[in-house]
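Working notes, structure below.
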């Protein structure tokens, strides 16, 4: 399989200056991974672990106070390499929507409230293709029919739609130009379970039909189990474990992943479960050594001093933990 | 404390004068919460679960229906607001908006203790606060002189539970207490409710849309849909073997964290969510796989079925 996204040693920090105090928030702190064409790659982690920032950098959206410190994100579209961290604004405009699109967090609130849904779609189509208004009009209808969304929605204002419908409209908007890579940030968070299932179904349909690559960020491990084919777990700005999803759930290796998966209650099981003690570290003040050691039940002295590297333990598995290395 | 709710109705008027419609947010809801029981109201957003809680707390006037707290009607009980709030406390969904960012955490705790007359001096108050914080796994030393932004969401939620405990309540209303809390800390908050029930015999109304934590913590469950309770009974029985088609749909839609389970069937989402409130018959009829002629015409009655109540014509 061809690798469509290659991320190497990516570091992106927020530099905040307030009342003469400089704070550096290390949101993405040395991340590298590869995503193959046609894959659904999941990024998991708690709030404040840098997963949303990582997605922003993948979309080439680094605006102050967020700044790229090191590393590169290389996209490979039909053997045309593109380093999104080093392209100019003009090229970025041409690449976005057509090649890479982004479903931002809380995306049910991104639609313009005073424009009808159809107009919003036509704006996008007209801006990024040479289609005329007429053609765009029918193109949008055709796409809605293909996705099984009611056409009535096109003539409503966003506030007339329910949250779940707005979320599906935003996903349709992000995919109407058939991009090669879709980045989705928490696409199902804040939705009801039944609607959440509908959105997962929609994303899967789009993936099957357009043969695109999906990168999904969500904290909900249940969603990852149903959607992602490969998952990486982030903790404090770094990847701590990466594995195919069935291996990840069956046999997690990193202590954090283990505790995270064990803390999830499931239907049909009332046995007492325990949460992970402590709280996630602040990204502006990371503990020395492994960032998870203050909460880790099996921490040793080496964990407090040196940070473990992300090493390949099996062909498709990588873990960053001193215990796993041996 | 035993809470009895009988035939509760809440009607909101929506639209302008010309298109005025009556939206029944809570439609003839009855349930009991026994002393020392965790009772869960489950449903999608807009099903009326929060409105029910607001009525129970006296924050919203019901259109019809009766509520009794240990045999005292709510109207009489709430007349002495201080006494009412001592017994009944609320835990809100978003721990970040519960606390004012410009006020110190300890300020909230001291005010609660002193205003309710639980302690008469700051020294005594500090002792009580420290004791309550230790129940939720924290200590007064951790919160002294600190502002809300210095805590994580999970810690803030613990503090707001500790604050609710300061008045020795016998009934807690928890409105989506874990939906804003990180996944790794969620279960520890849920465990707290279990502990509180066991140690102090507090009754808890646990409102959520998350079936997996409900299954874990609740004794009895009521599933709400568009203002109606469609199924009510023992949590384990209801969720292991749901009877109402809506409960079945809810149960199979929970994403189980195991990649080997997959959804084979496709799900039908309603495109007319608001219209469902105004339908004459069963409100789920538009999406129900077992829909019959009668469902569209008449609202089903509450049917007793093996120790639980189901609102569905299928079981008549």
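Each reported figure results from applying straightforward, stated rules to the coordinates on display, with no laboratory input. Just so it is clear, the structure is predicted and the values come from calculations on it, not from any experiment. Counting neighbours? That spans all protein chains shown, and the Cβs are built from the backbone with ideal geometry, glycine included.
Along its three principal directions, the equivalent ellipsoid of the stretch B:1-61 from the Cα gyration tensor extends over semi-axes of 27, 11, 9 Å, largest first.
So how tilted is helix B:183-200 from the main axis of chain B? Cα-based, degrees 0 to 90, rounded to 10. For helix B:183-200, the angle is close to 80 degrees.
Taking every DSSP beta bridge that has both ends in the stretch B:162-316, the antiparallel portion is near 70%. Here the stretch A:172-264 is treated as an ellipsoid with the same Cα gyration tensor; its semi-axes, largest first and in whole Å, are 25, 15, 12. Between B:293, B:60, B:304, the GNM of chain B built on Cα springs shorter than 10 angstrom shows B:293 fluctuating the most. Within the protein assembly as shown, antiparallel bridges make up roughly 65 percent of the DSSP beta bridges whose residues both belong there. Taking other C-beta atoms within 10 Å as the exposure proxy, B:294, A:43, B:128 rank B:294, B:128, A:43 from fewest upward. Residues of the stretch B:219-246 falling in the label zone of residue B:7, defined by backbone nitrogen less than 18 Å from a point 7 Å along Cα to beta-carbon, are B:228-229.
When only alpha carbons of the stretch A:92-212 are considered, Rg and Dmax amount to 13.4, 40 Å.
Cα axis of helix B:153-165 to longest principal axis of chain B: angle in degrees, 0 to 90, nearest 10? So the inclination is approximately 80 degrees. Which shape class applies to the protein assembly as shown: rounded if a/c is under 1.5, otherwise prolate when a/b exceeds b/c and oblate if not, where a ≥ b ≥ c are the square roots of the Cα gyration tensor eigenvalues? Note, shape of the protein assembly as shown comes out oblate.
The calculated FRET efficiency for the pair residue A:130 and residue A:157, based on their C-beta separation and a Förster distance of 30 Å, comes to about 0.60. Does the stretch A:230-326 come out rounded, prolate or oblate, given a ≥ b ≥ c as the square roots of the eigenvalues of its C-alpha gyration tensor, rounded meaning a/c under 1.5 and, failing that, prolate meaning a/b above b/c? Since a/c reaches 1.5 but b/c is at least a/b, the shape of the stretch A:230-326 is classed as oblate.
Of the two radii for the stretch B:167-316, the radius of gyration is 1.00 times the Kirkwood radius, both from the alpha carbons; that is the Rg over Rh value.
Our Cα-only numbers for the stretch A:1-147 put the radius of gyration and Dmax at 18.0, 56 Å.
Helix B:105-115 axis versus longest C-alpha principal axis of chain B: approximately 90°, rounded to the nearest ten.
Taking N as the residue count of chain A, its C-alpha radius of gyration divided by 2.2 N^0.38 Å amounts to 1.04.
Among beta bridges identified by DSSP and lying wholly in chain A, the antiparallel ones come to about 65 percent. Cβ-Cβ distance of residue A:211 and residue B:61, R₀ of 56 Å, FRET efficiency by 1/(1 + (r/R0)^6): the value works out to about 0.50. Comparing B:154, B:306, B:137 in a Gaussian network model of chain B (Cα springs below 10 Å), the most mobile by mean-square fluctuation is B:306.
Taking one quarter of the surface of the convex hull spanned by the alpha-carbon atoms of the stretch B:44-195 gives a direction-averaged projected area of 10.0 nm².
Distance distribution note for the stretch A:153-224: the fraction of Cα pairs above 22 angstrom is 21%.
According to the square roots a ≥ b ≥ c of the eigenvalues of the Cα gyration tensor, what is the shape class of chain B, taking rounded for a/c under 1.5, prolate for a/b larger than b/c otherwise, and oblate for the remainder?
Verdict is prolate for chain B.
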